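The values are calculated or read from the model by the stated rules, or taken from the named source; none is laboratory data. Fair warning: this is a prediction, and the values are worked out from it, not measured in the lab. FYI the Cβ positions are ideal-geometry reconstructions off the backbone, even for glycines, and counts take in every protein chain you see. Ligands, DNA and RNA are excluded from the accessible area calculation, which covers all protein heavy atoms including side chains. Shrake-Rupley method; radii C 1.70, N 1.55, O 1.52, S 1.80 Å.
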Amino acid sequence: LVSNSGVKTDRDSLFIDMDKSKLEARFQKLLSGDYDDKFKNEYRVVDSGSYKLTQKIKGKLFDNKYIQSVQYRPFDYQWIYYDPSLISRPADKVLSHIVNKENIVFVTSRQFGGGKHFICFSTKIASEISSQPFAPYTLFPLYLYTNDGLRTSNFKKEIIDEMEKTVGSTTPEYIFDYIYAVLHSPSYREKYKEFLKIDFPRVPYPKDKKQFEELVALGRELRDIHLLESPK
């Protein structure tokens, strides 16, 4: 199962912006080397610890392909200059399966804080939703892509096989939506609130096909709302 925390730039004011044109102009200036001390101080164009930004940008040219949409926070879509060779922690272990790919991604945490915190989300693009004081967010892409563009499910085969014993033939997206519905269920969060404080959420298998289909429909509806793709 492939998973990883979201991208962490360590220089959000440099790498991320709500205005695409401003981000483009900023990186054109940065990578041309034609910037002054004010720019350098404002955007922290300095080395720190193990992140040698000034070394990374040497010889780099601006490329518009690196301007990507990013889910900066829940419901907060911005723009990022996503060049994995420049960013401090690019999370390309998972983002290589997300950026410029067709995918759906779980955003969740090892600790739910006893159900008090909303730490279950979804995205289709690069995500910087990455940290909380008590636990980091982790991204779980639904699909994995090979170098030749083929994709496979990120679910373990045993999980799909076990699910199909009860519900019959299904798809990774249906399983995603089933899980999404369960994780947002108030009764589930209450029943398992102690377990949700200490580890990633565990999801029970459906008791029958009818329950599965009902929850898939609810999960899909909720997912569309969270992705801002629903007319609601």
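Output yes when any residue across the stretch 84-100 is at positive phi and assigned to a helix (DSSP H, G or I), and no when none is.
no
Specify the residue that is modelled with the lowest pLDDT; the eligible residues are those in the stretch 137-160 that are polar (S, T, N, Q) and surrounded by 13 or more Cβ atoms within 10 Å (Cβ to Cβ).
The residue in question is 138.
Could you tell me which of the residues 69, 48, 88, 32 is small (Gly, Ala, Ser) and open to solvent by less than 40 Å² (accessible area, probe 1.4 Å)?
Step by step, each of 69, 48, 88, 32 is checked, and only 88 is small (Gly, Ala, Ser) and open to solvent by less than 40 Å² (accessible area, probe 1.4 Å).
Being open to solvent by 50 Å² or more (accessible area, probe 1.4 Å) and either of a type in the set (Lys, Arg) or in a helix (DSSP H, G or I) (or both) is the filter here; which residues of the stretch 207-220 pass it?
207, 209, 210, 211, 213, 214, 217, 218, 220, listed by residue number.
Checking the conditions here, which among 105, 99, 70, 94 is touching a Ser or Thr at 6+ places or on another chain (Cβ under 6 Å) and either closer than 27 Å to residue 173 by Cβ or in contact (Cβ under 8 Å) with a residue 24 or more places away in the chain (or both)?
Among 105, 99, 70, 94, only 105 is touching a Ser or Thr at 6+ places or on another chain (Cβ under 6 Å) and either closer than 27 Å to residue 173 by Cβ or in contact (Cβ under 8 Å) with a residue 24 or more places away in the chain (or both).
The rows are residues; the columns are (1) closer than 27 Å to residue 102 by Cα; (2) open to solvent by 60 Å² or more (accessible area, probe 1.4 Å); (3) touching a residue at least 24 places away in the same chain (Cβ under 8 Å); (4) assigned to a helix (DSSP H, G or I).
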{"residue": "162", "(1), (2), (3), (4)": "yes, yes, yes, yes"}
{"residue": "175", "(1), (2), (3), (4)": "yes, no, no, yes"}
{"residue": "180", "(1), (2), (3), (4)": "yes, no, yes, yes"}
{"residue": "193", "(1), (2), (3), (4)": "no, yes, yes, no"}
{"residue": "201", "(1), (2), (3), (4)": "yes, no, yes, no"}
{"residue": "205", "(1), (2), (3), (4)": "yes, yes, yes, no"}
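Looking for something open to solvent by 10 Å² or more (accessible area, probe 1.4 Å) and modelled with pLDDT of 95 or more - is there at least one such residue anywhere in the stretch 105-122?
Looking through the stretch 105-122, none of the residues is open to solvent by 10 Å² or more (accessible area, probe 1.4 Å) and modelled with pLDDT of 95 or more.
Residue 134 fails exactly one of the following numbered conditions: (1) at pLDDT 95 or above; (2) farther than 14 Å from residue 15 by Cβ; (3) open to solvent by 10 Å² or more (accessible area, probe 1.4 Å). What is the number of that condition?
(1)
Being of a type outside the set (Phe, Trp, Tyr) and either more than 21 Å from residue 122 (Cβ to Cβ) or open to solvent by less than 50 Å² (accessible area, probe 1.4 Å) (or both) is the filter here; which residues of the stretch 72-85 pass it?
The answer is 76, 78, 80, 83, 84, 85.
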